[in-house]
Amino acid sequence: MSVIKWCLQKFGIGKRGDALTPSDAEALRTAFRSRYHNFKLLLSANNKALQVMSDLEDARKGDRPIGMSFVRAHCTAASVNVFRMVKCMEQLAPGKYSGLGERFRAIQGCITEILSERKDAGEGPFVIRLDQVDKSRADDAGNKMANLGEIRNHLGVRVPNGFVITSHGFREFIRSGEIQSEIDRIVQASAAEEMDQLFELSAELQQLVIRASVPEGLRKAIMEAYAELEKTDGRGVRVSLRSSALGEDSADTSFAGQYRSELNVSPENIIEAYKEIVASKYSLQAIAYRLNKGIRDEDVDMCVGCIAMVDALSGGVVYTRNPLNVRDDRVFIHSVWGLPKSVVDGSVASDRVVVARGDPPRIEEKLISDKRQKFVCYPDEGVCRMEITGEEGAVASVSEPVCESLTGIALRIEQHYNCAQDIEWALDEAGGIVILQCRPLRQAGRAAAGKHPAPDIPSEDVLLSGGVAASPGAGCGPVCVVKKDSDALGFPKGGVLVVRQALPRWAALLSRATALVAEQGSAAGHLANVAREFGVPALFGVEEAADRLENGVVVSVDADGLGVYRGKVEALQKSFASGRSLMEGSTVFRILARVSDHIIPLYLLDPDGSDFKPACCRTFHDITRFCHENAVNEMFRFGKDHHFSERASKQLWHDIPMQWWVLNLDDGFNVDVEGKFVKMENIASIPMLALWEGIVAVPWEGPPPVDSKGFMAILMEASSNPNLDPSMPSPYANRNYFMISKNFCSLSSRFGFHYSTIEALVGERDNENYISFGFKGGAADQARRVRRAKFVGEILEEFEFRSEVRNDGVNARIEGYPEDVMREKLRILGYLLMHTRQLDMVMFNDASCQHHKAKVLKDISSVILNRPSGDSETAQAR
């Protein structure tokens, strides 16, 4: 039971005509203090809830990566603070707003249901042989192995024998020993956004997986499948284990090089290699990739392919079309001596052969690189990098007949999938072609692939030239040379990433980079794939880039023009990477949008409307609006309801032709007032005094002249609105109520058709300071009211308020500034409160809006901010 209710029932105090005894008065003071305490708790929860909503609104722009931990944490924060507001309302007015709890639980239930949704994976085998796999088994085997099985079993393309450890096997492993529960706990507890935080999170999660034991049933299934492979490929056959995660190698999410592959693995180490690949789901680059792509951790089951190892004479990658130009349908073959690993990880320069389609295919271009190293299989296990000696490095690693055969196989695969393909291949010891992987190829449009004019750059400003375009476009920013992992931790947002080798692990930095320059690598590598996917311009094969480019120096990278230039080159401005949203359309982004629909929208706009009641609250924002409005009313009613003059509102004694009432919540008066009136010199509230300075700074000259249409609009509104009947009690009467303490002020202002609210907390603690503003209504037609709302919103944005205009209403907020700045903002609001009333009647076109905007900005600059008149055109808040 509330303190107030207990006082009334026990002592029967506060009835009309009763003279309050000292003990009665003290009981009511205690009751008011309790009410004020709950009111302050409600205001605190309201501000926190609104901040959460602002964060969610910003996240919905899609211009920064977020994960499910962000979504869940913000939904929880919103729920906790809205629940606190509901409980405070129960204390302020017991039993009066009982429907709030029911609406809160209903909305919370909708949010919980969305966050709990998971795809029903069902049950299935832990292992599937590759000859049983095709694209219909993608949910079991992952796209990579499903594609490999598809071309083997339906096209007859030669691929290695092997099997797949399925998504069901992954779930069996990850659920054993509470691994998944521990991962969920660590991820949810982490607020990792910066690179060093992600690095720590990655290390902790990977070690958790690697230390875990594989369940006996899964271990047995894997080794039995390997025993079957031995029957076809020989006893002790070495294998390669390759990631095939759900979503990997799809059209929109390649995950190129983000997970591990283990090559030339002996049977004794298959289980450990499997755990290493599962753990790579939480590699730094994989976490960053999912975060930037808006992919939920729980949606990525790590399937693993286990296939017979091909000890390649040479190998590489085939693109069935030009990845940099959607109109170029030639086939691009990249190759090296030894394993194809050095092509895809960008560690070795590769040969390139361009083949025109035809019968037979025709070789149009050949570029033979100086290949100084190659990867080969150790006799027992594992792979090593070997130096190439003699003339082998300068010899083509693939012959013309092999190129023709490769082209034929690649075009068959493209025709089967009806889209351009990115294919990894190898030549076995007998010279036969073996396909190791295929996936859709992401291509850049022609406009993105180098159609800007060549810039006219002075020779002294050309820092580097040459190389190959791995991803089209241009970018500008400060150089950041990254040679080791510790360098990556300090990579700045908007920097130009410069590396020696185009290694897949640097993909973790691409979401922050405006351009990428590498000394080694090719357009066929994994990092090039991800750069194109992220829309980051990339220039590879630029010798000495890491030594010649200086950290912190601003450069322009022209991938299409094969150049790096000093400073920002304006001629390339239109080609600079735009930082497009990768989140939009993703799973996390869709979930964010769905839960936000139950949190952010505000439908309860008019406190005097018939729908302003608990049953009509559709979102958490509605509940906060309802609670805030009625909490203010409950505070104002205390003195009147209990006939307690000490805590009743006082009429402000002033010379402005409007009526104002002031309720002192705590220490808002210099001295207590016993009568019905209070003078300004007795006001101690910092925010109210600042607001009042703006209200009286420029005398209001009355309503502006109205044209005939504006006058008719007023007549129509007045005649059609029953609230304006002078014989009826009207919520549209002029009423202006302040609630104040030393550092707090809440103003509810009604003037004719216009309704405004201002709430402010202003003191010495900058991080707690805030001002919120709401404005709605008007007497003119809808179009003019909407123009006036936009007009007010635009002016507030001039002074660093965040504003949102909806129909004829505007809401704005600012926080976190020092006391002197916040007082300045309040003076601006005080001026706008007086001088934007009835302006809707003259908002008949854009020219009128601009005319009145210029006058308002001039007044604010010269009178409110005391700036020289010449500054009025560009008045800005500091």
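The values are calculated or read from the model by the stated rules, or taken from the named source; none is laboratory data. Small disclaimer: the values here were computed from a predicted structure and weren't measured. Note: ideal-geometry Cβ built from the backbone for every residue, glycine included; neighbour counts use all protein chains shown. Accessible surface areas use protein heavy atoms only, side chains included; no ligands, DNA or RNA. Shrake-Rupley method; radii C 1.70, N 1.55, O 1.52, S 1.80 Å.
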Residues that are open to solvent by less than 30 Å² (accessible area, probe 1.4 Å) and either modelled with pLDDT of 90 or more or part of a helix (DSSP H, G or I) (or both), drawn from the range 81-95: 81, 82, 85, 86, 88, 89, 92
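Quick grid of which residues meet (1) part of a loop (DSSP other than H, G, I, E, B); (2) open to solvent by 50 Å² or more (accessible area, probe 1.4 Å); (3) modelled with pLDDT of 85 or more; (4) under 22 Å from residue 664 (Cα atoms):
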{"residue": "32", "(1), (2), (3), (4)": "no, no, no, yes"}
{"residue": "37", "(1), (2), (3), (4)": "no, yes, yes, yes"}
{"residue": "46", "(1), (2), (3), (4)": "no, no, yes, yes"}
{"residue": "61", "(1), (2), (3), (4)": "yes, yes, no, no"}
{"residue": "79", "(1), (2), (3), (4)": "no, no, yes, no"}
{"residue": "97", "(1), (2), (3), (4)": "yes, no, yes, no"}
query: What single numbered condition from (1) of a type outside the set (Asp, Glu); (2) closer than 19 Å to residue 290 by Cβ; (3) under 22 Å from the mean Cα position of the chain (by Cα) fails to hold for residue 495?
result: (2)
message: Could you tell me how many of the residues in the range 157-207 are at pLDDT 90 or above, aliphatic (A, V, I, L, M) and over 27 Å from residue 138 (Cα atoms)?
response: 0
statement: When the range 349-391 is checked residue by residue, the ones that are farther than 21 Å from residue 521 by Cβ, open to solvent by less than 70 Å² (accessible area, probe 1.4 Å) and in contact (Cβ under 8 Å) with a residue 12 or more places away in the chain are 355, 356, 361, 363, 377, 381, 382
- request: Being among the basic types (Lys, Arg) and out of contact with any Gly (no Cβ under 9 Å at 6 or more places or on another chain) is the filter; apply it to the range 134-184 and report the residue that is surrounded by the fewest Cβ atoms within 10 Å (Cβ to Cβ).
  value: 175
query: Across the range 666-679, which residue is surrounded by the fewest Cβ atoms within 10 Å (Cβ to Cβ) among those that are at pLDDT below 85 and not charged (D, E, K, R)?
result: 675
statement: Just one listed residue, out of 132, 108, 197, is more than 24 Å from the chain's Cα centre (by Cα) and free of Cβ contacts under 8 Å to residues at least 60 places away in the same chain, and it is 132
message: Condition check: open to solvent by 50 Å² or more (accessible area, probe 1.4 Å), among the acidic types (Asp, Glu) and under 21 Å from residue 766 (Cα atoms). Does residue 797 satisfy that?
response: yes
message: If the requirement is being open to solvent by 50 Å² or more (accessible area, probe 1.4 Å), touching a helix residue (DSSP H, G or I) at 6+ places or on another chain (Cβ under 7 Å) and either modelled with pLDDT under 70 or of a type in the set (A, V, I, L, M, F, W, C) (or both), which of these qualifies: 700, 653, 692, 661?
response: 700
task: Could you tell me which numbered condition residue 123 fails, if it satisfies all but one of (1) closer than 22 Å to residue 159 by Cβ; (2) open to solvent by 30 Å² or more (accessible area, probe 1.4 Å)?
output: (1)
task: Report, ordered by the first and then the second residue, all pairs with beta carbons closer than 7 Å, sequence separation of six or more or different chains, a first member in the range 209-235 that is polar (S, T, N, Q), and a second member that is surrounded by 14 or more Cβ atoms within 10 Å (Cβ to Cβ).
output: 213/177; 232/161
query: Can residue 859 be described as farther than 25 Å from residue 55 by Cα, charged (D, E, K, R), at pLDDT 90 or above and open to solvent by 10 Å² or more (accessible area, probe 1.4 Å)?
result: no
field: Residue within the range 819-829 that is touching a helix residue (DSSP H, G or I) at 6+ places or on another chain (Cβ under 9 Å), closer than 20 Å to residue 853 by Cα and either polar (S, T, N, Q) or open to solvent by 10 Å² or more (accessible area, probe 1.4 Å) (or both) present
entry: yes
message: Quick test for you: out of 470, 538, 518, 508, pick the one residue that is under 27 Å from residue 202 (Cα atoms), open to solvent by less than 10 Å² (accessible area, probe 1.4 Å) and modelled with pLDDT under 90.
response: 508
query: Are any residues in the range 740-761 aromatic (Phe, Trp, Tyr) and at pLDDT below 90, and if so, which ones?
result: 751, 753, 755
- request: Take residue 305 and decide whether it is buried (at least 24 other Cβ atoms within 10 Å of the Cβ), on the phi > 0 side of the Ramachandran plot and at pLDDT 90 or above.
  value: no
task: Give just the number: which of (1) more than 30 Å from residue 126 (Cα to Cα); (2) open to solvent by 10 Å² or more (accessible area, probe 1.4 Å); (3) free of Cβ contacts under 8 Å to residues at least 60 places away in the same chain; (4) in contact with a helix residue (DSSP H, G or I) (Cβ under 6 Å, 6 or more places away or on another chain) does residue 327 not satisfy?
output: (3)
- line: Going through (1) modelled with pLDDT of 75 or more; (2) over 14 Å from residue 686 (Cα atoms); (3) open to solvent by less than 60 Å² (accessible area, probe 1.4 Å) one by one, residue 730 fails only at (1)
query: Residues in the range 230-252: is at least one modelled with pLDDT under 85, of a type in the set (Ser, Thr, Tyr) and surrounded by fewer than 23 Cβ atoms within 10 Å (Cβ to Cβ)?
result: yes
